[in-house]
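Coordinate-derived values only; no laboratory data. This is a predicted model, so every value here is computed, not measured. All Cβ positions, even for glycine, are placed from backbone atoms using ideal geometry, and neighbour counts span all protein chains on display.
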Amino acid sequence: MQERVKAKAIELLESGVCDRVLGWKAGEFFYDVTPAVFTSREEIEKEFVFGPFCGANMSKYLIAESRKEGKKVGAFLKPCDTYSFQQLQKEHRIWRENVYAVGVQCEGMCDIEALKAAGIKGILGAEGSGDTLTVHTLYGDKSVERKAVLAERCACCKSKKLLGCDEIVGEQGEELESARFEQVAKLEAMTPDERFAFWRGELSRCIRCNACRNVCPACSCEKCVFDNPNSGIENKAASNSFEENLFHIIRAFHVAGRCTDCGECSRVCPQHIPLHLLNRKFIKDINELYGEYQAGADMDTRPPLMNFQMDDPEPSVVHERGSDQ
Amino acid sequence: MQKIGVFVCWCGSNIAATVDVQAVSDALAKEPGVVFSTNYQYMCSQAGQDMIQEKIREFGLTGVVVCSCSPRMHETTFRKTCEKAGLNPYMVEIANIREQCSWIHKDKETGTEKAIILGRAAIAKVQLNAPLTAGQSPVVKRALVIGGGIAGIQTALDIADAGFPVDIVETKPTIGGKMTQIDKTFPTLDCAACILTPKMVDAAQNENINILSYSEVEAVKGFVGNFSVTIRRKARFVDETKCTGCGLCTEKCPQKKVPNEFNLGLDNRRAIYIPFAQAVPKVATIDPNYCTMLKTGKCGVCSKVCTAGAIDYQQKDELIEREYGAIVAATGFNPISMDKFDEFAYSQSPDVVTSLEFERLMNAAGPTGGTLLRPSDGTHPHTLVFVQCVGSRCDGGEKGKPYCSKICCMYTAKHAMLTREKYPDTDVYVFYIDVRTPGKNFDEFYRRAVEEYGVHYIKGMVGKVVPENGKLKVQASDLLGGQQLHIDADMVVLAAAIEPDKSARPLATMLTASMDTNDFFTEAHPKLRPVESPTAGVFLSGACQGPKDIPETVAQAGAAASKVIGLLVKDHLTCNPCVASSNEMMCNGCSACEKVCPYGAITYIDKDFRGPNRTTLRRRVAQVNPAVCQGCGACTVACPSGAMDLKGFSNAQIMAEVDAICK
């Protein structure tokens, strides 16, 4: 797959469709693959990678890239990235006419922590497609089952469907039956005190590095409310010892109904806080209260939280339901 | 820091009985920014108002808090009071310590405590108030009436008589609406056409009225005083300016088998047609679904016989765009489909008809020339059964409508009476749930049907109608007699419920006017503003707002016209300054506000901003039209960036109030 993607990137540049291509390149370590803009065949041949650690969602970078002058920007998007891509178009953030979108089928991205936890030592690299990964280590190559080392978000992948692309590399996929709400259901089953303790435990580790906010495709405000002294929110998030808790809860409210559940927030969190669970709780609630809704799945439906229908539940219903749990 | 004066009203004993007003004014005197605090028996009295004005001058107050009744009552009073004393009227805040406090608390201690908290919140808000000035917008002095039935005609005539130009847009080839199909009108039994056609002619001759028949509203932009409307003039394949309405083409057209919608399909018309003799405008129209020339390119008979040369097979739909100051919705009603009521055998026997079909069967211009004959075999019916509330007052709303269609009791009495009058040899039964005949001379009319004309009124519903050997076997219950009835009827007439015309829903979306669950337009206030839509500049006339008979429709049409005239005489409209505005530096153009705006007040523009290093950044930003915005605040809540704010009710002000309450 890597070779096909690279070839497509070179083709886009050399055919003159694009003057730059958004893709992935290896970072300091083989597993911290970073997004990058490529402008020449040489760069692509040397640095472009596409493998089991290319988790970064490219759609958010298109907000800035699609507004630049010049030819189109080529972008490689995995299925879950295409949901964000469409959602951002619905919000008029990406200028679609300046983007050439190439959908890339994805076999699920891996988590380096899972590899380490599997007891593999001295890891130098990992590659491969299909069910088995080849891990290069100081002690020789080892093979490991992909399923065992998938990132949580990929283990419960919601869809392999590539949406709204100009062209597709690999097979078009389908929406999947996903068990992604199981963890949320577990949290809902807790008593309020248990749940409070759980989130205190998780959120108190936050160092307010803002990585979650910066990577989130739904967090695309010109000026974030947390950076705006007039918003009245800055000092709410800073009051008492609840600072971090409120930051994440306010953020989850802000992206509610627009979050596509791409899971980037949890991927980039240096403290491994399962932030995506907050968003998933909102998605689950929206599905249950207003009917199934997947943000970014199409270009024309109105999001339930921005719409009014006569059969919407009354606020009292929402309130009662909330107090049950 | 503001200099705030607090004025606590006793409202006689309304407030003072359950709130210690002295304690409230003493406590609020200690709030930051308060330089004067007092209480008085009736703050809205002249003496109370004089005191407020005197204190504004004496202390140089910059903000005023009145703790009194609901702002719905006296906010305007106190704003005017303060304006006269030189204070901006929007520097006044009302703390509602009557409806929301003294009236709902029995215990004086809790009442007093709550009054202090409410006062504190108002003070916190005034601290952040800024003077607001109302803007102005011009008014286009022309009205649009959508729908050319009796409601639309009457509204247009009244507006035109006041000297303003009016356009009537009617989707059918002629104006006149449902009333043209009705035979006689209750309770006077005068002929519908005789009273309607003079009005149609009036409308056609009035210099201020422009009739756009066979046309539809395609798009509506703009706001009160400044609507811009796109109207589709459907191709009728006849040049309106040349056609003389002689009708020769409608006699010669070889395509004779087109169901005649004017007679509800009870007979046929030609592919080129004039709906009825008194049509306005009296111009032929070609039905493109049936015309052989338009479908196959072979025929052209009408073109050959037309001496005026009016036939134009090449005609295309035309889009015109016009400006209007006010729009009146008069889209009317239709009887509901009888598909779901097969127990009455409507689809099985042509002798089961709806009441509107019955009107045509009784009408001199109808398919039978006014003689009542059975559609199945053209014989004279001897036993007629009328069924009321078919689809009206249905529980659950699955099958029919939950509401009463209001007109059926009266027209059924009319039908029964006319049948007995013309054909004394008939037996007429009317089955009803209730007979509802409020209205001038209405109940007398119904009693005449029973007492003088011997119509059999039976309380109970018809359960089943079965066609058998040319008869209709009617099985019904007589609730008062406590028995099942079996009647061999010759005809069954169903009083079908009425529903708003299907065009109303898309029109409401275009107008951003609200509708109820039954697709009737909603009024701005069900009692006090019955002919205005909540959307400014949009007015309601006739049955599109709710079931109505003709006298009511005409009354409401006149009322809507007077509201339109009241708007059009103004050169400028004063806007409400408490409107939303977007901070362009923070707006990211996501459209969330536009999606939730019920008034269509928000649009987007691409605007250039200065970026770093002398660059220019083009960004999509929201713009609020202050003349359309009603200040509901939905956008301020939806905006993820906090770029939207409502003047006079800013997020900061509301948070300050909440903080003051939670202190």
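Structure values in brief
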item	result
Compactness of the stretch B:320-423 - radius of gyration and Dmax, Cα, Å	17.4, 57
Whole-Å semi-axes of the ellipsoid equivalent to chain A (Cα gyration tensor, √5λ, descending)	33, 25, 20
Alpha-carbon centroids, the stretch B:1-45 and the stretch A:35-98: separation in whole Å	62 Å
Rounded, prolate or oblate (a/c below 1.5 giving rounded, otherwise prolate when a/b exceeds b/c) for the stretch B:248-305 by Cα gyration tensor	oblate
For the stretch A:146-287, radius of gyration divided by Kirkwood radius, i.e. Rg to Rh on alpha-carbons	0.99
Extension reserve of the B:W103-B:K252 stretch, reckoned as 0.36 nm per residue once the Cα distance is removed	45.9 nm
For the stretch A:266-305, alpha-carbon Rg and Dmax in angstrom	12.8, 37
At 1.002 mPa s and 20 °C, Stokes D of the stretch B:334-499 from Kirkwood alpha-carbon radius, µm² per second	135 µm²/s
Shape call, the stretch B:1-65: gyration tensor on alpha carbons, a/c limit 1.5	oblate
Dipole in debye (nearest 20) - chain B, about Cα centre, beta carbon charges: Lys, Arg +1; Asp, Glu -1	1480 debye
Between the stretch A:239-308 and the stretch B:137-215, the alpha-carbon center distance in angstrom	54 Å
Distance (nanometres) between label positions extended 7 Å along Cα→Cβ at B:K440 and B:L617	6.8 nm
For chain B, convex hull volume per residue from C-alpha positions, Å³	220 Å³
Ranked list, fewest to most other Cβ atoms within 10 Å of each Cβ, for B:S70, B:S591, B:S213	B:S70, B:S591, B:S213
Reachable lysines from B:K304, criterion Cα separation under 22 angstrom, eight or more residues apart if same chain	B:K242, B:K252, B:K256, B:K257, B:K282, B:K295, B:K316
Cα gyration tensor shape for the stretch B:621-663, rounded if a/c is under 1.5, else prolate or oblate	prolate
Unit Cα scatterers, Debye sum, the stretch B:423-477: log10 I(q)/I(0) for q = 0.17, 0.18, 0.25, 0.27 Å⁻¹	-0.69, -0.75, -1.05, -1.10
The protein assembly as shown, helix-only ellipticity at 222 nm - DSSP H runs n ≥ 4, -39,500 (n - 2.57), divided by all residues, nearest 500	-9000 deg cm²/dmol
FRET E, pair A:V37, B:T292, Förster distance 60 Å, beta-carbon r, rounded to 0.05	0.40
Exposed-loop-free span, longest in chain A, where trypsin sites (Lys or Arg not before Pro) count as exposed if DSSP calls them loop and at most 15 other C-beta atoms lie within 10 Å	A:209-325
Kirkwood Rh and Cα Rg combined as Rg/Rh, the stretch B:580-647	1.01
Degrees, to the nearest 10: A:192-203 long Cα axis against longest axis of chain A	40 degrees
Residue-span extension gain [B:A365 to B:Y453] - 0.36 nm each, minus C-alpha spacing	29.1 nm
Expected-Rg normalisation [2.2 N^0.38 Å, Cα atoms] applied to the stretch B:116-275	1.58
Cα centroid separation - the stretch B:373-416 against the stretch B:515-538, whole Å	29 Å
Largest-first principal axis extents of the Cα set of the stretch B:181-335 (Å)	49, 43, 31
Degrees, to the nearest 10: B:192-205 long Cα axis against longest axis of chain B	60 degrees
Under 27 Å from B:K563, Cα to Cα: lysines that are on another chain or at least 8 residues apart	B:K80, B:K141, B:K172, B:K178, B:K199, B:K221, B:K406, B:K440, B:K502, B:K527, B:K548
Rg/Rh ratio calculated on Cα atoms of the stretch B:263-361 (Kirkwood radius)	1.07
Sites B:A219 and A:M310 - FRET efficiency at Förster radius 35 Å, r taken between beta-carbons, to 0.05	0.90
20 Å-binned pair-distance histogram of the protein assembly as shown (Cα, whole percent)	11, 29, 32, 24, 5, 0
Under 17 Å from the Cα of B:K340 - lysines, other chains or at least 8 residues apart	B:K399, B:K401, B:K464
Whole-angstrom Cα spans of the stretch B:11-120 along principal axes, big to small	39, 27, 21
